[in-house]
Amino acid sequence: MTQLPVQASQGRRQLLKGAGALAGLSSLGMPAISLAQNKPIRIGMPTILSGRVAMLGIASTSAAKMEVEKFNAAGGLNGRKIELIIRDSKGSPQEASRVARELVTADGCEMIFDGEASSGSFAVHEVARDLGVLVIHTCSETSSLTADPKLRVPTAFRCARQGIHDAVVGGAYAAQVAKEKGLRRWMTVSPDYAYGRDTTEEFIEYLKYFNKDIEVIGEVWPKLFQPDYSESITRLVQGKPQAIYSCIWGGDLTSFIDQANIYALLKDRQFFAVNMADYAVLTAVKNVPQNLHSGNRYLKNFPNTTANTNWSNEYTAKNKELPLNWSWQNAAGMQFLTAAMKKANSSDGKKVAEALRGLTIDSPFGTNGKLTMRAEDNTIVDYAVGWGTLDTKEPFMAKPNMGSWKQISELELEWKKRKGWA
Amino acid sequence: MKRHAFTKEMALGAVVLGLLLLIPLLTPSRIALDFVIRLAALGIFATSLNMLVGYGGMVSFGHSMFFGSGAYAFALTLQKTSMGIPTAMLVAIVFSGLVALVIGAICVRLKEIYFSFLTLAFQMLFHSIILTWTTLTGGDQGLTGGIPRPPFLGLNLAQTTDLYAFASVVGVVCFLLMRYILQSPFGYTLRMVRDNADRAQFLGINVWRVKLYAFILAGVFASVGGVLMSLFVSGAFPDFSYWTMSGEAVFMIMMGGVNVFLGPLVGSALLLMFNDVITRTTEYHGLALGLVVLIFALGFKRGITDFVLQGWQWLQRSGRAS
Amino acid sequence: MEPTALLECLSSVSCIVTQSSTGLIVGALLFLVAAGLTLIFGVLGVINFSHGSFYMLGAYIALSAYRFTGSYILATLAAGLGVGLFGLFFERFFMRRVYNADVLMQLLVCYAFILILDDVVKIIWGPEFQSMGMPAAFEAPPLFIGGGIVPVFYLYLIAAAGLIALVLWYILAKTRLGKVVRAAAHNPTMTSALGLNTSLIYACVFAFGGLLAGMAGGLAAPVRSMSPGMGFSILIESFIVTVIGGMGSVSGALVGALLIGLVRSFGSIGFPLFVEGIMFLAMVLILVLKPSGLLGKETRS
């Protein structure tokens, strides 16, 4: 993807910037020669813009660009504007590593805004470790990235939801529903890879913690991106569970539901699909089953605040499509980055990292209008997490149950201790 | 004649190495350093594949199996034990050699397309083991947390400049070794087997054994490429053993040329440059790369060095005729 | 590994019915795609590595045709025809030039097309995943046969695949065209010496292979989501089927596809984590023990 054009509206400034940019362009790899106060803040963004997960990159870059434009329009950092340089790693971790390094060493990026999926994030994480550059991961939900002290990098942060948080809230909600409806026999069907396994394990753990009567009578593990779920579905049908959990996502979830419907798998069964409340899936699935429960990937009415709805409308107007989970995570990440830069009054990575640690910002995505970057493990807390039943039409989740962060934090700490991470 | 020719190669190698080591002193550009490190890893990988394809007539679809085995063995040794880098490299090479021995013994008996498919099947099996054995390999996320790089011989491979020097030396040494092997009597026997296996058999050559040795050697060198790539990304990923990596190697040798020793290296450099430039300029890089490959396959119909070599030979012939 | 679960299933009629029908469904679609692949190899001696992209193209054409006409049958036919025409174009302008080059050149051309088609699909239909939705006619509740569950739509799929297989067999075994095609597969030089237009035959076979893959894409469209790059998984599976069944043998493709389908469906009960591994192992065993495949003949001259 090409660089974000940065245009000032005043004529004289424009002329000076143009001259500087021209001089800079003529020598690839050498720092742009321009007046110090107009020197743009270059932020590199490796992400996935092609292949099966292209929507991740598209949603992420759209959201990041929107925040960058707002920041630049408001004057930037003492007049310095952000220049976001976006690169496609095509979903390959070694390419992500190379691209991140190139952004820092050749393109003069002072910070990396990492829009990679989990395996790519781990690769970029090592670049952060080796080069000592500030990195904010916005799409990786794997807890170990920030929770495991052995992996931690002081200049690497995560602004995304985490599986463990979802699991606590989801487990509590599902346990309640299970008590009300007498759901004791459960089965799971999730994609067989790290995210799928970890998320499912965590959900079941907390489901059982909140409701001791639960029995998981079978687990099915189709491969990621598998087109045909017939054998998984028939296995579920044979098992005759009362409730099914799944963390299948995106296009696969759409396929799964379409295929499950022709087997009438979900008729008279409760289906807990954590990734269902995603506008991409909700608009693609033609027959949303009854008895569907989901977590909130992103919904414009959750949290039910004007700030959130406004942001969603602005995003939709600009990008002609509804925001996804990756969208809010990247928007929040950029909000954090700009706030930290203002607090440190600098674009130096180390100073910004200091400012980021423990920083609380106003954000439309917080439980109480605020988000905090937890200092002890460089990851965000207090974002709105919730579960609820899904309807087939807007607003899709009419009565979401918001998770309590007090409960989440307690249980998360205990979970970390069990893993030997705290 | 061969001894004289090899001194020439050694001298050339020394000159190239000298030039390479000068580069970081001449320019502060880090991008050149990263490029050379990747070129060393992929160039060795591609040239090792050409040992099988160009020189041995054995089209392997599964060569990335050894690239991956080298990377994983190396990275795991460093992560789990306190061995130094040279020892870890040795572990990677020996491990890959053993894997190549077992798999090669089964595969080289087959001919042509069946050999190709069998190597592909083994590679996919290997890949699926990497994905399933999550406790050892980290599964689809690869080896996370980075690899410790204990300093040795005054080199700290966590520094790009030191890694660059290391990669340059390893690269030049591997190329010289591969050249030596291919110019040796073994190399000539291999080519004889490629051209006419039956005749070679009649001459008393154990064709199966020659092919097996070639397979093992190719696997060993591929694993060195994997080691370098593992150092570059500070880890190892399942992608290293996926069919896309094998496919890239095939591209490199087809675009660079199978009949010239340095063809695959040229192909690697070309492909890396295309990749780096194309991903910077357009989001439709599949389209761009696909068109470039079509031009090579349908237009040139052979790799660049083959094209140049043919042109050179044609010139020589017409020069002699007139 | 869960051998007890597998034994339990094998002793229950309903389980056998459900799992066997699942195996048939998986196998039926796989057969359509693999048949095209094996036919092209058998007659032209060329491995069409871009066959998975043909399938993808078929799925997308069906999607657009369905949105335009609202008819599922028309959509599937459009998919078959569209990809058949594309196959013709592909063969005439690209593959023809590399028939005499070695297999790596052919691989290169095919792989280039995979890359190009993935981007073309992205440009025309967008990068997000798309879904066709089930046509109203098939939204009936599933049937219960012998206690096992069989969806109505899948019965239709099996029937459609079976019909196509029958037509294919008839053409190849009973018609003059089929005889000509088989002759060209067996001995192209002799066939052209006898005055038959081999290049026309080649073009037809490629087009037909494309038609089969395109129809498979269209038939499966209601229950699959489409995204650029979806062709790859079906490609690898059709390779496995073709190798196991025998390259060049359409009946081998049928046997191989059914075998793989059954292994998948019963395997998901007995050894769920190793289904993929078992399939690759089967491929390895066949190549080592009987390289020409279960029903294959020796390599063509």
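The values are calculated or read from the model by the stated rules, or taken from the named source; none is laboratory data. As the structure is a prediction and not an experimental result, all values here were calculated from the model. Note: ideal-geometry Cβ built from the backbone for every residue, glycine included; neighbour counts use all protein chains shown.
Filtering the stretch A:249-270 to residues that are outside any strand (DSSP E or B) and away from chain C (no Cβ under 11 Å) leaves A:Leu266, A:Asp268, A:Arg269. B:Ser116 satisfies every condition listed in (1) farther than 30 Å from A:Pro191 by Cβ; (2) in contact with a strand residue (DSSP E or B) (Cβ under 8 Å, 6 or more places away or on another chain); (3) of a type outside the set (A, V, I, L, M, F, W, C) except (2).
Checking each residue in the stretch C:260-276 for being over 20 Å from C:Ser11 (Cα atoms) and at pLDDT 85 or above picks out only C:Ile260.
For the subset of the stretch C:128-185 comprising residues that are within 14 Å of another protein chain (Cβ to nearest Cβ) and among the aromatic types (Phe, Trp, Tyr), which member is farthest from C:Ala213 (Cα to Cα)? Filtering the stretch C:128-185 for residues that are within 14 Å of another protein chain (Cβ to nearest Cβ) and among the aromatic types (Phe, Trp, Tyr), the one farthest from C:Ala213 (Cα to Cα) comes out as C:Phe144. Among the residues making up the stretch B:157-204, a single one is over 19 Å from B:Leu20 (Cβ atoms), modelled with pLDDT under 90 and in contact with an Asp or Glu (Cβ under 8 Å, 6 or more places away or on another chain): B:Ala158. Looking across the stretch B:66-82 at every residue that is part of a helix (DSSP H, G or I) and not hydrophobic (A, V, I, L, M, F, W, C), the one that is farthest from the chain's Cα centre (by Cα) is identified as B:Lys80. Residues in the stretch A:387-395 include at least one that is crowded, with 19+ Cβ neighbours inside 10 Å and in contact with a Gly (Cβ under 6 Å, 6 or more places away or on another chain). Could you check the stretch C:85-122 and list, in sequence order, the residues that are facing another protein chain (nearest Cβ under 10 Å), under 28 Å from C:Met226 (Cα atoms) and among the charged types (D, E, K, R)? Within the stretch C:85-122, C:Asp118, C:Asp119, C:Lys122 meet the criteria.
Residue by residue, here is whether (1) more than 14 Å from chain C (Cβ to nearest Cβ); (2) in contact with a Ser or Thr (Cβ under 7 Å, 6 or more places away or on another chain); (3) touching a residue at least 12 places away in the same chain (Cβ under 8 Å); (4) surrounded by 18 or more Cβ atoms within 10 Å (Cβ to Cβ) holds:
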| residue | (1), (2), (3), (4) |
| --- | --- |
| B:Thr81 | yes, no, no, no |
| B:Ile85 | yes, no, yes, yes |
| B:Ser96 | yes, yes, yes, yes |
| B:Ile103 | no, no, yes, yes |
| B:Phe117 | no, no, yes, yes |
| B:Ala121 | no, no, yes, yes |
| B:Met124 | no, no, yes, yes |
| B:Ile130 | no, yes, yes, yes |
| B:Thr134 | no, no, no, no |
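Of the residues in the stretch C:252-293, how many are of a type in the set (A, V, I, L, M) and more than 18 Å from the chain's Cα centre (by Cα)? Total meeting the criteria: 12. If you go through the stretch B:245-265 and keep only what is outside any helix (DSSP H, G or I) and within 11 Å of another protein chain (Cβ to nearest Cβ), you end up with just B:Val258. Reported count of residues in the stretch C:30-55, each being farther than 15 Å from C:Met230 by Cα, outside any loop (DSSP other than H, G, I, E, B) and of a type in the set (A, V, I, L, M), is 8.
Within the stretch B:6-39, take every residue that is in contact with a Leu (Cβ under 7 Å, 6 or more places away or on another chain) and within 14 Å of another protein chain (Cβ to nearest Cβ) and give me the one that is farthest from A:Arg98 (Cα to Cα). Per the criteria, the residue is B:Pro24. Only residues that are outside any strand (DSSP E or B), out of contact with any Cys (no Cβ under 8 Å at 6 or more places or on another chain) and either within 23 Å of A:Gly333 (Cα to Cα) or within 14 Å of another protein chain (Cβ to nearest Cβ) (or both) were counted across the stretch A:177-194, and they come to 3.
Selection of the stretch A:252-295 for residues being without any contact (Cβ under 8 Å) to a residue 12 or more places away in the chain and surrounded by fewer than 23 Cβ atoms within 10 Å (Cβ to Cβ) yields only A:Ala264.
Here C:Ser251 clears all of (1) away from chain A (no Cβ under 14 Å); (2) among the small types (Gly, Ala, Ser); (3) crowded, with 24+ Cβ neighbours inside 10 Å; (4) closer than 30 Å to B:Cys107 by Cα except the condition numbered (3). Restricting B:Ala269, B:Ala236 to those that are in contact (Cβ under 8 Å) with a residue 12 or more places away in the chain and within 14 Å of chain A (Cβ to nearest Cβ) reduces the list to B:Ala236.
Would you confirm whether any residue within the stretch A:278-288 is away from chain C (no Cβ under 14 Å), over 27 Å from C:Ile145 (Cα atoms) and not in a helix (DSSP H, G or I)? Looking for residues that are away from chain C (no Cβ under 14 Å), over 27 Å from C:Ile145 (Cα atoms) and not in a helix (DSSP H, G or I), one finds none in the stretch A:278-288, hence no. Per this entry, A:Glu95 is counted among residues that are of a type in the set (Asp, Glu), within 14 Å of chain B (Cβ to nearest Cβ), outside any strand (DSSP E or B) and more than 20 Å from the chain's Cα centre (by Cα). Cβ separations smaller than 7 Å between residues 6+ apart or across chains give the following pairs from the stretch A:225-247 residues that are within 14 Å of chain C (Cβ to nearest Cβ) to residues that are surrounded by fewer than 23 Cβ atoms within 10 Å (Cβ to Cβ) and assigned to a loop (DSSP other than H, G, I, E, B): A:Phe225/A:Arg52. None of C:Val33, C:Val13 is crowded, with 21+ Cβ neighbours inside 10 Å and of a type in the set (Val, Ile, Thr) except C:Val33. Only one of the listed residues (C:Gly23, C:Gly45, C:Gly36, C:Gly27) is in contact (Cβ under 8 Å) with a residue 12 or more places away in the chain, of a type in the set (Gly, Ala, Ser) and within 10 Å of chain B (Cβ to nearest Cβ). That residue is C:Gly45.
Is it the case that the stretch C:215-234 has a residue that's surrounded by 24 or more Cβ atoms within 10 Å (Cβ to Cβ), within 22 Å of C:Phe86 (Cβ to Cβ), away from every other protein chain (no Cβ under 11 Å) and in contact with a Gly (Cβ under 6 Å, 6 or more places away or on another chain)? Yes: one or more hits.
Search the stretch B:279-321 for residues being over 26 Å from B:Tyr55 (Cβ atoms), of a type outside the set (Val, Ile, Thr) and more than 13 Å from chain C (Cβ to nearest Cβ), and hand back the single one that is nearest to the chain's Cα centre (by Cα). Among them, the one singled out is B:Arg280.
Checked against the criterion of being surrounded by 22 or more Cβ atoms within 10 Å (Cβ to Cβ), part of a helix (DSSP H, G or I) and hydrophobic (A, V, I, L, M, F, W, C), the stretch A:214-232 has no qualifying residue. What do you reckon, is C:Gly261 buried (at least 23 other Cβ atoms within 10 Å of the Cβ), out of contact with any Pro (no Cβ under 6 Å at 6 or more places or on another chain), of a type outside the set (S, T, N, Q) and closer than 25 Å to A:Thr188 by Cβ? Taking the combined requirement at face value, the residue satisfies it. Scanning the stretch A:153-176 turns up no residue that is closer than 20 Å to A:Trp326 by Cα, within 12 Å of chain B (Cβ to nearest Cβ) and in a loop (DSSP other than H, G, I, E, B).
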